[in-house]
Amino acid sequence: MTDNEKKYNIAVIPGDGIGPEVMDAGLNVLARIGDKFGCEFKTIKVLAGGAAIDETGKCLPQETVDVCKTSDAVLLAAVGGPKWNSLPGDERPERALLGLRKILGLYANLRPAMVFSQLADTSPLKSEIIGGGLDILVVRELTGGIYFGEKGTKETELGPAAYDVEQYSELEVERIARTAFNLAEKRNKNVISVDKSNVLESSRLWRRVVESVSADYPGITLDHMYVDNAAMQLVRNPRQFDVLLTSNIFGDILSDEASQITGSIGMLPSASLADGNFGMYEPVHGSAPDIAGKDIANPIAMILSIAMMLRYTLGLSCEADSIENAVNEFLDKGYRTPDITGEGYKTVGTKETGRIIAELIK
């Protein structure tokens, strides 16, 4: 971004499956924001995931890394698919995500799990459980833990075995805890930290550091919950959660569970943040190759991910509000994508959804 001008460089990774379709819809909305608010967004498309493997033989080409490092933010749609399932683990499309997170220092993953009031009847939970809506923010540590720990195979008395090490440093826990507490200050001032400290040494360190950090936030209520209980409580009483603080693997599982109770994974955005304002923004859904090219994918998660980019990285709160308001107006007017449609609604496809929401930007 240049000084005193609303000019931004955005790295764009359309990826695989429905990724290019939902990305195009999102970029249509971003272009409308530029026109309405006098912003200039220079988007640079690069390859990652399966598309990169097909083109370059690598899931994360160096050119993609270089462009991402020199951009103000990264937009990513989706990577992966059964086409590449036979590749070794370290060569599969999903490794591009892990690589980007580590290389770009994206240690804080924010995944809102929201039930829009207009879509309350699409949730699998009873209306008396979710009330008129739901708004949970999962704050997941993203570059540590078992996914990045020591891995290997060895011989044991029971035969060949494999292992993955769950390891956290105090620094890793402290910085994600501060992220959660800072966000809770802008919400309902409650953090529930998830661990398994009755069994795991890494969780005992996690709980100790989180409690230490909480002393700097006297206005925030901190509670602890074992991961198995948290999984149960998310479907039993989800409204008790405001900010849910988790390790990498626990957050991976619980955020997927939280997304399902909202009724449609196609509505949910996410942000992965580094120190400072830099971030990578992506919908939580996958590449859904079975519906790719059919113009039926829901692009709203991608569109709301762009709103998160405007808010968290670019500091454009009014512009972010305008996108969120447009999405609400889209729903209020009775428009629905195929995944959330029903009797009496106007069903529209991917491209049309992007066009209508862009037109509703004010």
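Using the Cβ-Cβ distance between residue 186 and residue 55 with R0 set to 41 Å, the FRET efficiency works out to roughly 0.50. When you filter the GluC sites (Glu not before Pro) in region 1-46 for DSSP loop state and at most 10 other Cβ atoms inside 10 Å of their Cβ, you are left with 5.
Ordered by solvent-accessible area of protein heavy atoms (1.4 Å probe), largest first, the residues 171, 234 come out as 171, 234. Taking a virtual spin label 7 Å from the Cα of residue 352 along the C-beta vector, which residues in region 257-298 bring their backbone nitrogen under 15 Å of it? The answer is 294-298.
Partner aspartates and glutamates whose Cα lies under 12 Å from the Cα of residue 83, excluding those fewer than 8 positions away in the same chain, are identified as 16, 54, 290.
How much FRET efficiency would the formula 1/(1 + (r/R0)^6) give for residue 86 and residue 31, where r is the Cβ-Cβ distance and R0 is 41 Å, rounded to 0.05?
The calculated FRET efficiency here is 0.60.
Put 74, 348 in order of accessible area, highest first, and with a 1.4 Å probe you get 348, 74.
Counting only heavy atoms of the protein chains and using a 1.4 Å probe, residue 216 has close to 90 Å² of accessible surface.
Between residue 277 and residue 200, the modelled labels are 3.5 nm apart [label points 7 Å from Cα along Cα→Cβ].
In summary, the lysines within cross-link reach of residue 351, defined as a Cα separation below 23 angstrom excluding same-chain residues under 8 places away, comprise 36, 42, 45, 294, 333, 362. When 323, 291 are compared by accessible area at a 1.4 angstrom probe, the order from most to least is 291, 323. Rounded to the nearest 0.05, the FRET efficiency derived from the C-beta distance between residue 62 and residue 158 at R0 = 35 Å is 0.25.
Between residue 135 and residue 343, the modelled label-to-label distance comes to 3.3 nm, taking each label 7 Å out from Cα in the direction of the beta carbon. Each residue was assigned an accessible area with a 1.4 Å probe, and for residue 189 the value is about 90 Å².
Nearest 20 debye, what's the magnitude of the dipole of region 4-92 about its Cα centre given +1 on Lys and Arg Cβ and -1 on Asp and Glu Cβ?
Dipole of region 4-92, to the nearest 20 debye: 240 debye.
Given a 1.4 Å probe and the protein chains as shown, residue 294 ends up with an accessible area of around 120 Å².
The values are calculated or read from the model by the stated rules, or taken from the named source; none is laboratory data. The structure displayed is predicted, hence computed values, not measured ones. No Cβ is skipped: glycine too gets one built from the backbone with ideal geometry, and neighbour counts run over all protein chains shown. Note: accessible area is taken over every heavy atom of the protein model, side chains too, but ligands, DNA and RNA are not part of it. Shrake-Rupley method; radii C 1.70, N 1.55, O 1.52, S 1.80 Å.
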